[in-house]
Amino acid sequence: MKKQTQRGICALLAACVLLCASPYARATRFADVPDTHWAAADIELCAQLGVMNGVTSTAFGLRQPLSRASYMVILGRFFQWLPDDPGILPYQDINPAAWYAPALAAAYRQGVMTDQSKLFRPEEPVTRGELAAALIRALGYSTLSGLAGSPPFADVSANAGYITLAYDMGLMNGNGALFLPNDAATREQAAAILARLYRKLQAEPRKIGVISTSGGLWSSAGLQSVAVQAGYLTGVQATPIQYRIEQENASSLRASIAAAGADSLLYLSGNVLQWNALTPAASAVFSGGYSGLLLELTGASVEASQIQSLQGLLQGRSLHLIVPAPDQTDDDYPYAALSRLADSLTIRVLGQSRLINGFPSDPVEPLEEVYQALHTLFRSGDSGLDASKCALLLSASGSSWTGAVNTGLVSAQEVETLLRSGDVSSHYSERYACAYLRRAASDEQPEQVVWYLDAKSVASRVRLAKLFDLGGLVLTDANGLTETILQVL
C-alpha cells in the first residue's frame, strides 16, 4: 500500500480520536435508524467520521444495497485517498464526469480494483464477497490472500483468500456455516465493517523496547517499559545465567529509562530455561531494582510450571515472555498456559535466509510468516489465547550480506546512512512487505544486500497486529529506532 494510504489512516485516526473519548453515541440523526438497531452505533460513528452519509439528510437508507461506485467512494474517504484523474480508468462504462469517477480512479491507483473486465458496473450492488476483496486490497494485504486458505464457510469459492482474511481479522462474519458471498451488501453492513476496522486501527498497543545503551531515539517512542539487555541463559547447571553488562552501566540505563517515564525490565535470553536459573533471575530483578523480567526463549519449550514458579519468585513484579511462532519450532510450547501465567506473551517470527540464483533472500520477519503465526494462534481452533495479553516482536536491525556471505546485523541508523550513499539502490518486496537495499559491487568487494524494516514494513506489521487484536509490541534493538519508524509506531 502506498505512503498516501498510510498517511491517510494516521490522519483519520488523529482527527477523530476525540470521538472515542466517551461511549459511541447512538444513531439519532437518521430517522430510519432506531436507537435499538444492531448497527446504530456503527452508523453514527461512520457519519461522525464523514465516511458515510445518508441517502438524504434525514434517512440513512437502512437495508438498501450499496452500489459498487458508492463503496469505492466510501473507501476513499476512510483511507483519505486524494481524488485522481478518471482518465487512468480502463473501464468502458465509466463517465469521466460522473460524481464518483475521481474516487474510482484513486481506488484503481491504490490497487483496490482490477481490470480483468472492461466493465466496472458502477450502479450494481457490491456483493459481500466483492466488499471483502476490496477491503483487504485497500489495507494492502493482497499478497496474503494466496496464503489464507479456505474460510470456514461452505458457500465460498471466488475471493476465498480475501474472505478468509476478512474473517481472520474479525471484520466480517457469516450466517452460521454460510458467508453468502453473492448477496448484496447493505449500507448498514458496510458501516458495521468499517466501524470495526476503525476501532481496531485506533487501538494503542503497549510497547516494550530492548536497549543495550542509553543512546538512540527510543526515549521518544512512547514505550511503557524498557528492557536492559543484561545477560543470557547458558543452559549450564553450574552457571545458568551469564551477565554481559556491568552493574554501573545497568544502573545508568535504569536512570535513563526512569527519566523517559518508563518501567525498567531485566532482559535475559537463551535456548534453555533451567530450573536452577529461576531463583537467580528473580534475585537479579530485585537486586537491580527492576520492575520486572523480560525473558526470551529461543529454543526448547518451557514448562508452564517453571513460569508459574518464576512468577511466584518475582512476588508481584511483572513477567514478560518472548517465544517462537508455532510454525517455526518443533517444540510444543504451551502458548495458552503461558499467556495466562505471564503478564504478556510475545510472538517472535523469523525469516528464512536463502540464496535464490545467487541473490540473498533474507526478509526480516516476513509478513506472510507473521500472518501464518497469528492465524495459527488465534483463528485455527479454540487456542484459549487472550490476544490482548499477546504481543508481536519487531526488529529494528537489518540483515547484511556481502555476496553470498551473511555479514551480520546492521542498525536502522546504519541503514539510513547506507541509503544516502550514491552507489546504493532501494527496493521493496511486496511479497514479504520488507525493504532491501543493494550496493553495487566494486573492485574491492562483491555486491552488498541489506534486508530491513522501513516505515512501510513496520506499518504493515503494526496494522496486522491490531487487526488480530494483539495488545502489545516488543521492539528489539530499540537503540536503532529512526524518526521514520517512530512516525508509524
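What full-extension length gain, to one decimal in nm, is calculated for Asn175 and Trp275 as 0.36 nm per residue of separation minus the Cα-Cα distance?
Net length gain for the segment: 31.1 nm.
Please list, in order, the residues from segment 272-302 whose amide nitrogen is less than 19 Å from a point placed 7 Å along the Cα→Cβ vector of Ser251.
283-292
Mind checking the dipole of segment 253-391: about its Cα centre, +1 per Lys or Arg Cβ, -1 per Asp or Glu Cβ, Debye to the nearest 20?
460 debye
Compute the relative contact order of the chain as a whole-number percentage, counting only Cα pairs closer than 8 Å that sit 6 or more residues apart in sequence.
12 percent
Using alpha carbons only, how many degrees (0 to 90, rounded to 10) separate the axis of helix 187-202 from the longest principal axis of the chain?
Long axis of 187-202 versus the principal axis of the chain: about 20 degrees.
Specify the angular offset, from 0 to 90 degrees and rounded to the nearest 10, of the alpha carbon long axis of helix 367-378 from the longest principal axis of the alpha carbons in the chain.
So the helix axis and the longest Cα principal axis differ by about 90 degrees.
Measure nothing but the geometry: give the 0 to 90° angle between the long axis through the Cα atoms of 304-314 and the longest principal axis through the Cα atoms of the chain, rounded to 10°.
70 degrees
Would you count, across the chain, every pair of lysines whose alpha carbons are under 15 angstrom apart, provided the pair is eight or more residues apart or spans two chains?
So the count of such lysine pairs works out to 6.
So if each residue of separation counts as 0.36 nm, and I subtract the Cα-Cα distance between Ser305 and Ser380, what length gain in nm does that give?
24.4 nm
Taking the Cα centre of the chain as origin, work out the dipole magnitude from +1 charges on Lys and Arg Cβ and -1 charges on Asp and Glu Cβ, in debye rounded to 20.
940 debye
Show me the ranking of peptides 95-102, 121-128 by mean Cβ neighbours inside 10 Å, starting with the highest.
Per-residue mean Cβ counts within 10 Å order the peptides as 121-128, 95-102.
With the contact rule set at Cα under 8 Å and sequence spacing of 6 or more, what percent relative contact order holds for segment 3-202?
The normalised contact order for segment 3-202 reaches 22 percent.
Kindly give the semi-axes, whole Å and largest first, of the ellipsoid equivalent to the chain, taking each as the square root of 5 times a Cα gyration tensor eigenvalue.
Equivalent ellipsoid semi-axes, largest first: 43, 27, 21 Å.
Name the residue farthest towards the positive end of the dipole of the chain from the options Thr143, Gly76, Ser399, assuming +1 on Cβ of Lys and Arg, -1 on Cβ of Asp and Glu, about the Cα centre.
Of the candidates, Gly76 comes out farthest on the positive side.
Could you please rank Lys389, Lys466, placing first whichever residue has the fewest other Cβ atoms within 10 Å of its Cβ?
Fewest-to-most ranking of Lys389, Lys466: Lys389, Lys466.
With Cβ to Cβ distances under 15 Å as the rule, what net charge do the other residues near Ala412 carry (K, R +1; D, E -1)?
-3
Given contacts defined as C-alpha pairs under 8 Å and at least six residues apart, what's the relative contact order of segment 324-435, whole-number percent?
26 percent
Distance between Cα centroids, segment 388-419 to segment 216-266: provide it in whole Å.
Centre-to-centre (Cα) distance: 20 Å.
Using the Cα centre of segment 162-295 as the reference point, and only Cβ charges (+1 on K/R, -1 on D/E), how large is the resulting charge dipole? Debye, rounded to the nearest 20.
With only Lys, Arg, Asp and Glu charged at Cβ, the dipole is about 140 debye.
Using R₀ = 45 Å, calculate the FRET efficiency as 1/(1 + (r/R₀)^6) where r is the Cβ-Cβ separation of Leu350 and Gln92; round to 0.05.
0.40
Any read-out appearing in this document is the output of simple, stated calculations on the displayed coordinates, not a laboratory observation. Keep in mind that this is a model prediction, so the values were computed, not measured. A quick note on method: Cβ atoms are made from the backbone with ideal geometry, for glycine too, and the neighbour counts reach across all protein chains shown.
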